[in-house]
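**Student:** One structure coming up, written as structure tokens, with questions to follow.
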Amino acid sequence: MGGCLSKPKPVEVKVELTLLDKEKEVDLMSPNGKASPFSECRLNGSLGHCSDEDTMTLRPHRKHRDYIEASVCHVKDLENGQIREVDLGAGRALLIKEHGEFFAMGHKCPHYGAPLVKGVLSKGHVRCPWHGACFNITTGDIEDFPGLDSLPTFQVKHALQTQRRSKAMSKCSAVINSSTGFSHVLIIGSGPAGLVCAETLRQEGFTDRIVMCTMDTHLPYDRPKLSKCLESTAEQLQLRSSDFFQTHDIEILLEKEVVSVDVKTRTVTFRDGFKMEYRKLFIATGSRPKPLSYKGKDVGNVFHLRTPEDANSIATLASSKNAVIVGTSFIGMEVAAALTDKAHSVSVIGIEAVPFRKALGEKVGKALMKLFESNRVKFYMLNEVWEMRGHNGQLKEVVLKSGKVLRADVCVIGIGSSPATAFLKQSGVHMDSKGFIPVNKTMQTNIDGVFAGGDVVTFPLALRSNKKVNIPHWQMAHVHGRVAALSIMGKASDIKTVPYFWTAMFGKSIRYAGYGDGFDDVVIQGDLDELKFVAFYTNEEVVAVASMNYDPIVSRVAEVFGSGKTIRKRDKTTDVVRFSMV
């Protein structure tokens, strides 16, 4: 009998990275590195760490810099298409295996800190389970939005003290006097479309002058958080610091309102009389709240939520007092949810019988309405405001057209918005009857050298056979900014993205992907009463999906949409949901 051959030892997988500072892990970091006020986005379960058998061994080395070489698992521990969060001692990383190759990158989405181990791996990128951002597993680069930063890739000895990485950017090669009335690229608006446009230009090697102008008093900030985290300051919500803009030669003119554009002379005129010429113009002015008609316009403490100061005032005035929300838009309902633990009472007035009905369907709307009612929110639906009554100039009552009188110390109006494009009426830039700017697939308007993006445009959506649509979502504005920047540089790229939207109320988040306008049926998988469900919005096929407590189903469906495939109505449970729950 021959001698026994010893079994070969399993091959270890090691992750090597440069270690500049030990990472201080804090869950749910905001984009500025501070504790996120968006704390209602909690994880649904534990993270997928390595098993005890996979415990890593740290082998620190000392050369000209400190770095770590860590054994995190064995080669056969991961199958192709698997992702795992691994502990490196000084921090964590996301380990990925695809087509027999291993990749390591940051484990948290730099947008709101979602655990990417719960995301979706597909064709060389990982899609965030919360809001749908995509990251290339080889480079860590952000490929789809929301968010501004990319991820570190640890195989190339990247620093572990952060879970975000800004792409390399060029600088302005010309010496520019800030009072000079000319900019190679002028961006009107400082929201996500304008900011991503400016950053993309620098990332792509643009070395001429870039000027952003805005009516706002603050540097670009995370506006979706205003309605969810009313007490957050502009500094806490800031997307980029003043040092960032100075370092990358992106000039920002605050409190500068554009009143007219002359496309023949390529000149923009501001309210204070200052004029600036441009070579290329990007219009990204966003939207304005729709006004509400009622008696008592001179009564105080009535707000349209627009700025951090508005949000802070609403939170202060509602403390232990009576708050009334007019309108069941997403912003209005998010404010109502945010006030329930502050106000003595919260009342919501709506013109439809069920909130969210148009966007999410009646079944989902009723389930969410019950959630609000269980948190002491009173609804006055099929009603409109007739009058605001005050005492000493301050709001005391809201009177409905039905005659009902509601006690109110603060009122927030959230009945929708319209595009902020009035300044373009005599410009020659084409607008439709609602004030939206039609653009082509490269964000070009009807005027050469003038581009537009974000809430103000209608654009061809590939997902719906290039139908011209308006999608006023944070994520979509990011995409528009990038596409416009590439077009400005002569690197035209089509809009290739899947619309992705989210809302958060009472510590629960709804994810939504696709474009459901005109759906004729909603098919529910799961339990609406338990608020653990997936809703498929369908015509002949699935056109959109929403979920609560069912991650990462929405990101998985977004992957299907993004690949150009369709989900037939009869396939939804067998081909999508079952696969997503494996």
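The values are calculated or read from the model by the stated rules, or taken from the named source; none is laboratory data. These figures come from a predicted structure and were not determined experimentally. Here Cβ is always computed from backbone atoms with ideal geometry, including for glycine, and neighbour counts include all displayed protein chains. The accessibility values were calculated without ligands, DNA or RNA, using every heavy atom of the protein model including side chains. Shrake-Rupley method; radii C 1.70, N 1.55, O 1.52, S 1.80 Å.
**Student:** How much net charge surrounds Glu309 when only the other residues with a Cβ under 15 Å from the Cβ of Glu309 are counted, with Lys and Arg +1 and Asp and Glu -1?
**Tutor:** Numbers: positive: Arg223, Lys225, Arg306; negative: Asp216, Glu231, Glu235, Glu255, Asp310.
That sum, taken over residues with Cβ under 15 Å, equals -2.
**Student:** Still on this structure, please answer the following. Can you tell me the relative contact order of the stretch 67-156? Whole percent, Cα pairs under 8 Å, sequence separation 6 or more. Don't jump to the answer; show the numbers that get you there.
**Tutor:** Numbers: 175 pairs, mean separation 18.1, N = 90.
The value is 20 percent.
**Student:** Spelling out what I want: for every residue of the stretch 456-462, take phi, set θ = phi - 60°, compute 6.51 cos²θ - 1.76 cosθ + 1.60 (Karplus), and round to whole Hz; glycine and proline get x.
**Tutor:** Once rounded to whole Hz, the list reads 7, 10, 10, 9, x, 9, 4.
**Student:** Further question on the same structure: Cβ under 11 Å from Ile176's Cβ, Ile176 left aside: what net charge do those residues give with Lys, Arg +1 and Asp, Glu -1?
**Tutor:** Details: positive: Arg209; negative: Asp208, Asp249, Glu251.
My count for the surroundings of Ile176 gives -2.
**Student:** Roughly how much of Ser71 is accessible, in Å² to the nearest 10, using a 1.4 Å probe?
**Tutor:** 10
**Student:** In debye, nearest 20: dipole of the stretch 325-432 around its Cα centre with unit charges on the Cβ of K, R (+) and D, E (-)? Please list the in-between numbers first.
**Tutor:** On the way: 14 positive and 10 negative charges, 49 e Å.
Roughly 240 debye, rounded to the nearest 20.
**Student:** Mind jotting down the three principal axis lengths of the stretch 302-415 based on Cα atoms? Whole angstrom, largest first.
**Tutor:** 43, 31, 24
**Student:** Sorting Lys532, Lys76 by accessible area (1.4 Å probe), largest first, what list results?
**Tutor:** Details: Lys532 95, Lys76 180 Å².
The ranking, largest first, comes out as Lys76, Lys532.
**Student:** Along the stretch 324-340, what does the Karplus equation 6.51 cos²θ - 1.76 cosθ + 1.60 (θ = phi - 60°) give for ³J(HN,Hα), rounded to whole Hz, x for Gly and Pro?
**Tutor:** After applying 6.51 cos²θ - 1.76 cosθ + 1.60, I find 10, 10, 9, x, 10, 5, 4, 5, x, 6, 5, 5, 4, 5, 5, 8, 5 Hz.
**Student:** Out of all Cα-Cα pairs in the stretch 67-156, roughly what percent, to the nearest whole number, are more than 19 Å apart? It would help to have the intermediate numbers written out before the result.
**Tutor:** Working: 1280 of 4005 pairs.
Every Cα pair in the stretch 67-156 considered, those over 19 Å come to 32 percent.
**Student:** Here is a follow-up. What is the sum of charges around His111, taking Lys and Arg as +1, Asp and Glu as -1, for the other residues whose C-beta is under 10 Å from the C-beta of His111? It would help to have the intermediate numbers written out before the result.
**Tutor:** Working: positive: Lys108, Arg164; negative: Asp149, Asp222.
Cβ neighbours under 10 Å give a net charge of 0.
**Student:** For the stretch 440-453, just list the computed ³J(HN,Hα) in residue order, Karplus coefficients 6.51, -1.76 and 1.60, θ = phi - 60°, integers in Hz, with x standing in for Gly and Pro.
**Tutor:** Working through the residues one at a time gives 8, 5, 10, 6, 7, 7, 6, 9, 4, x, 10, 10, 8, x Hz.
**Student:** Dipole size in debye (nearest 20) for the stretch 67-156 around its Cα centre, Lys and Arg Cβ +1, Asp and Glu Cβ -1?
**Tutor:** Taking the Cα centre of the stretch 67-156 as origin, the dipole is about 220 debye.
**Student:** For the stretch 283-336, give the percent of accessible area contributed by carbon and sulfur heavy atoms, probe 1.4 Å, rounded to a whole number. If you can, show how the numbers build up before the last one.
**Tutor:** Numbers: 1140 of 2200 Å².
Percent of accessible area from carbon and sulfur atoms in the stretch 283-336: 52.
**Student:** Hey, another quick one. If ligands, DNA and RNA are left out, what is the accessible area of Phe182 with a 1.4 Å probe, given in Å² to the nearest 10?
**Tutor:** The value for Phe182 is about 60 Å².
**Student:** Could you order Ile210, Ile252 by accessible surface area, starting with the largest, using a probe radius of 1.4 Å? Before the final figure, lay out each step's value.
**Tutor:** Working: Ile210 0, Ile252 35 Å².
Most to least solvent-accessible, the answer reads Ile252, Ile210.
**Student:** Filter the cross-link list Lys228/Lys508; Lys167/Lys228; Lys118/Lys167; Lys363/Lys532; Lys342/Lys363; Lys370/Lys508 down to pairs whose alpha-carbon distance in this structure exceeds 19 Å.
**Tutor:** Numbers: Lys228/Lys508 12 Å; Lys167/Lys228 29 Å; Lys118/Lys167 25 Å; Lys363/Lys532 13 Å; Lys342/Lys363 29 Å; Lys370/Lys508 14 Å.
Beyond 19 Å between Cα atoms: Lys167/Lys228; Lys118/Lys167; Lys342/Lys363.
**Student:** Could you compute how much accessible surface Cys411 exposes when probed at 1.4 Å, giving the result in Å² to the nearest 10?
**Tutor:** We get 0 Å² for Cys411.
**Student:** For the stretch 302-415, with every protein chain kept in place, what is the accessible area per residue (1.4 Å probe, Å²)? Mind showing how you got there, number by number?
**Tutor:** On the way: 5050 Å² over 114 residues.
Computed with neighbouring chains in place, this is 44 Å² per residue.
**Student:** Follow-up question, since we're still on this one. Sorted by accessible area (1.4 Å probe), largest first, how do Trp386, Trp130 line up?
**Tutor:** Numbers: Trp386 125, Trp130 10 Å².
These residues rank, largest area first, as Trp386, Trp130.
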